[in-house]
1. Relative contact order of the range B:171-283, please, whole-number percent, based on alpha carbon pairs below 8 angstrom and at least 6 residues apart.
2. Cα atoms only: what Rg and Dmax, in Å, come out for the range A:7-85?
3. Given an 8 Å cut-off on Cα distances and at least 6 residues of separation, report the relative contact order of the range B:114-233 as a percent.
4. Mind jotting down the distance between the C-alpha centroids of the range A:8-25 and the range B:161-177, whole Å?
5. Return the whole-Å distance between the Cα centroid of the range B:60-115 and the Cα centroid of the range B:41-58.
6. Which aspartates and glutamates have a Cα less than 15 Å from the Cα of A:Lys47, not counting those fewer than 8 places away in the same chain?
7. Hey, what number do you get for chain B at 222 nm if only DSSP H runs of n ≥ 4 count, each worth -39500 (n - 2.57), divided across all residues, to the nearest 500?
8. Compute the projected area of the convex hull of the Cα atoms of chain B, averaged over all viewing directions, and report it in nm² to one decimal place.
Amino acid sequence: MGELSEPGELISYELSVNGEVREVTDAWFGESLLYVLRERLGLWGSKNACEQGECGSCSVLLDGRLECACMVLAAGAIDSDIVTVEGLSPGGGELSDIQEAFVKEGAVQCGFCTPGLIVSVHDLFEHNPTPTDLEVREAISGNLCRCTGYGRILAAVRAVEIARRP
Amino acid sequence: MPVLVPTSLDGVFDALASLPGAEMIAGGTDFMVEVNYARRRPRAIVSLRGVRELKGWRREGGDVVLGAGLSYAELMRPELSVLLPGLSQAARTVGSPQIRNAGTLGGNLGTASPAGDTLPVLSALDAKVVIGRSGGRRELSVAQLIVGPKRSCLQEGEVIVEIRLPAGLGSQEFLKVGTRNAMVIAVANAALVVDWVGRSVRCALGSVGPVILRASAAEEFAATAIDWDERRLRGGERDLEQFSALVREAARPIDDHRSTARYRCHAAGVCARRALERVLAKRAGDRAEEVPWES
């Protein structure tokens with residue numbers, strides 16, 4: 001995030017995150033949404049790796065659109081509905097069916113890319129309940145995983161698709 | 001307040017007037033990377049994300065007018081890909097789903113990178129870029145707007161508002177070379193438009209010069225080499241090779257961390273040649289639709 005800012009550049013604003021209004025106070029105005037989520041709001045599910053939109057590990061939903069939180073100006077997102085990976089779980093420590101499938105199919109190794117992939121796969125099923133293999137690959141093409149080789153991830157996505165069939 | 005988030009174009013002009021030296025952010029896919037890496041230290045920021053006039057598109061006579069705030073993902077939607085197939089193809093090659101949801105057409109123009117994927121298509125379609133300012137507008141071509149690598153002639157207080165393009169003009173193709181299909185900045189890219197009614201060929205090249213280049217000699221050659229009634233090249237393979245050679249000659253690339261100048265010339269020639277082959281094959285009706293980024 002570069003060196004610290006002058007006091008005059010600090011601002012306060014509110015963000016809507018996972019259905020709650022969260023206050024951000026005395027923040028440098030150029031902070032990314034990823035930085036604010038992790039360092040100011042204590043939401044560590046979105047991971048910080050490349051800070052340039054390459055790895056997808058900070059994927060969030062902004063007004064229902066999949067985006068990288070590292071490339072969103074936090075102070076510019078005041079009118080947006082932000083959903084992080086924390087907001088996709090049923091709550092009470094339970095896992096969503098997508099998260100469950102990742103665990104069961106061995107799609108989680110070091111786990112660093114997993115939250116971003118969970119958000120991307122959630123977004124894929126929102127728009128396309130019956131994706132082809134090519135559509136799955138395209139949907140997760142912005143999420144890098146250096147452990148699995150993607151085979152187990154594709155298997156997990158397919159398992160969700162099969163389980164959700166009526 | 002050093003960050004303003006106006007919802008109307010007039011609001012943007014007011015914001016820019018009230019924050020001298022403010023920088024504009026659209027999708028943020030270029031801007032925030034520079035901020036994150038401390039390569040850009042804005043004094044103030046005006047966010048264009050919520051500006052209603054920059055969203056959406058409309059038909060106007062034979063033209064399509066695109067709001068500068070349209071995302072790459074929106075350019076890929078069926079209603080637009082029918083009218084602007086080349087632009088849709090180019091949009092689909094940009095980054096990843098995340099980046100295509102965030103990045104905008106106006107942002108691609110404003111960043112003015114020689115590798116901007118939509119820019120060769122806009123150039124080949126002779127796009128008119130409408131620039132707004134408080135109390136006025138002006139229209140520029142892509143070549144007038146982008147004056148050097150990452151340099152546009154946009155003045156303080158000016159905003160890229162919309163882009164005017166001909167609807168459904170002839171046959172269009174966009175091809176791009178990079179190290180993988182997704183998440184890649186072009187090593188070379190090319191847009192081709194063959195106007196069957198006007199009997200002209202337009203070919204624009206990206207990533208092979210300081211700005212987008214039109215391969216004028218190649219365009220003129222192709223227009224004479226095509227048998228416009230039969231919709232094929234009179235000289236077949238020989239004409240394709242000549243077209244490709246003229247494209248390579250038009251390229252003015254540099255060596256950098258992404259590729260060598262020599263390879264970029266070669267890749268531009270291959271992209272343009274394949275684009276012409278595809279256009280002609282499709283018109284002959286014997287080729288199935290391609291996945292846009294397959295090459």
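The values are calculated or read from the model by the stated rules, or taken from the named source; none is laboratory data. What you see is a predicted model; the values in this text were computed from it and never measured. Reconstructed Cβ throughout: ideal geometry from the backbone, glycine too, with neighbour counts over all protein chains shown. We work out accessible area using only protein heavy atoms, side chains counted, and drop any ligands, DNA or RNA first. Shrake-Rupley method; radii C 1.70, N 1.55, O 1.52, S 1.80 Å.
1. Details: 204 pairs, mean separation 31.7, N = 113.
Across the range B:171-283, relative contact order equals 28 percent.
2. Cα radius of gyration and Dmax of the range A:7-85 are 11.5, 34 Å respectively.
3. Taking the mean separation of contacting Cα pairs over the length of the range B:114-233, I get 27 percent.
4. Going from one Cα centre to the other spans 40 Å.
5. The range B:60-115 and the range B:41-58 have Cα centres spaced 16 Å from each other.
6. Excluding near neighbours in sequence, the set is A:Glu39, A:Glu67, A:Glu86.
7. Working: 12 runs with 104 residues, N = 295.
That calculation yields -10000 deg cm²/dmol at 222 nm.
8. Working: hull surface 60.0 nm².
Across all orientations, chain B yields a mean hull projection of 15.0 nm².
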